[in-house]
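Every read-out reported here was derived from the displayed coordinates using simple, explicitly stated rules and does not represent laboratory data. Model, not experiment: these values are computed from the prediction. Virtual Cβ from ideal backbone geometry, glycine too; neighbours counted across all protein chains shown.
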Amino acid sequence: MTSSIEREDTRQASPTAALAELPPLTSAPRRLLKHPRLMHYNRLAALVVLANIGLLAAARGTPGTEAMGYAALGNLALAVVVRQQYVINLFFRLATSAPTSWPLKIRWTLAKVYHFGGLHVGGALAGSAWFLAGTVAATRDGTNRPLIAVSWTLVTLLAVIVATALPPFRSRFHDHFEKIHRFGGWSALVLFWTHTVLGGQGPVALGVLAVVTFSVALPWLRLRKVDVRIERPSPHVVLARFDHGVTPFAGSSTAISRSPLTEWHSFANVPSPGEPGFRLTISRAGDWTGSFIDDAPTRVWVKGITTAGVANIETLFSKVIYVATGSGIGPCLPHLLAAEVPSRLVWATRDPRRTYGDDLVDEILAVQPDALVWDTSRHGKPDMVRLAYTAYRDFGAEAVICISNKKLTWQVVHGLERRGIPAYGAIWDS
């Protein structure tokens, strides 16, 4: 290693001795609200479901088949539209428009904007339930057999989509989940058009379907194959450089693919201030990334609109701590380079210079000279909660943003929030 990291390592020669003791836990009621099952993602999903239960109660009786059809369509439209990239970016823009002079409790909640996926889940569950109820009612009438046949086909398809989106299947068979969600969703959209025409529903239903169809199609209208230049500082990671006339905003992500109909992977964009193009940091994390590193392509497919990521919430705070492990440095880097908000980096990784190359490490240290770079090959795995809290305390930060694997991200986020410290990290809801 060169001297900048060596000096940091020397200062941390007895690493755990310099770590602060964690503050006490907050009261039991406050800790309960920070429980994983009560995170804002689940609260939003529950809110949508409860709103639908309220509508059912307000109906004072069993709604008619047409009313249930509109309820189903409205909820399923919500599920689709909140995933549209322009809508996501709008959510982030609205949430992060609050000034840092606002009370911390308000900004703490606004920064949970990336939990918007709960609206998707709530809408999908409520919409599927309404459609099932409407199909049962229509079957009892038995007057329109083609409509009934399409309805039950849709019920079956929606059941498959919902079942395979549940965490046990999604986490274990993520590639299959993505294909079922994509092709099943497209098929469901075609069947909804068929159902609407056969049912003779009015212009409102047709208008909603048109909006949903446009929302689904828009990213694919921007599909194109572009050149990519690959740099491989080590067998563990590559830097993919793009310059096809697009310079995305810091904190956004781009989806790339080698086979656009079967598999897409999103990575954080790393634009350099004042320079065209951008980079993606891709580390070995599975078959697809391994193949990308070992058999580097010269061209890849890109689609959609660059989309805001979790770290964009940094502007809600006066100072932030970025906590990253391994290739989690990628999503942090554009914010560190842009330096819109005073920040300090805590990065735990194995042999950073050998893994990521001197150029990248020097670029990080140039903008973060006080960064704490923890070499796990020398010091072992640290207590990331204490490491994050120590940096938070010493820097006088208002929030911590963690970019790591699922287990460690939740350890840091949950470990800090239970102690009254705003903390944020990805929730793996896609």
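Computed values, structure above
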item	result
Most fluctuating residue given options Glu398, Glu66, Glu314, as computed from a GNM of the chain linking Cα atoms under 10 Å	Glu66
Sites Ala46 and Ala339, calculated FRET efficiency, Cβ-Cβ separation with R0 45 Å, nearest 0.05	0.70
Kirkwood hydrodynamic radius of region 34-221, Cα pairs, Å	18.0 Å
Relative contact order [Cα under 8 Å, 6+ residues apart], region 225-308, whole percent	39 percent
Selected from His35, His414, His120 as most flexible by GNM, with the chain as the system and alpha-carbon contacts under 10 Å	His35
Debye-sum result for region 186-290 in log10 I(q)/I(0), which assumes one identical scatterer on each alpha carbon, at q = 0.14, 0.20, 0.23 Å⁻¹	-0.71, -1.05, -1.27
Over 12 Å [Cα-Cα, region 61-103], rounded percent	71 percent
Answer label for Cα extents along the principal axes in Å (calculated), chosen among [x] 80, 55, 36; [y] 82, 46, 34; [z] 86, 58, 52	[x]
In region 53-148, the trypsin sites (Lys or Arg not before Pro) that fall in loop regions by DSSP, at most 11 other Cβ within 10 Å	Arg60
Taking the chain and dividing mean pair separation by its residue count, relative contact order in percent (alpha carbons under 8 Å, at least six apart)	17 percent
FRET efficiency for Ala296 and Arg60, using Cβ-Cβ distance with R0 set to 60 Å, rounded to 0.05	0.40
Spin-label zone in region 304-319 - amide nitrogen under 18 Å from a point set 7 Å from the Cα of Ser266 along the C-beta vector	304-314
Selected from Ser327, Ser101, Ser234 as most flexible by GNM, with the chain as the system and alpha-carbon contacts under 10 Å	Ser101
Paramagnetic reach from Ser259 in region 177-207 [backbone N under 16 Å; point 7 Å along Cα→Cβ]	177-183
By average C-beta atoms within 10 angstrom, highest first, the peptides 291-304, 218-231	291-304, 218-231
Region 332-430, Rg to Rh (Cα coordinates; Rh as Kirkwood inverse mean 1/r)	0.95
Kyte-Doolittle at least 0.5, axis length at least 18 Å by Cα - qualifying DSSP helices, the chain	40-58, 65-81, 117-141, 145-164, 203-221
Alpha carbon centroid spacing (whole Å) that separates region 73-115 from region 312-330	18 Å
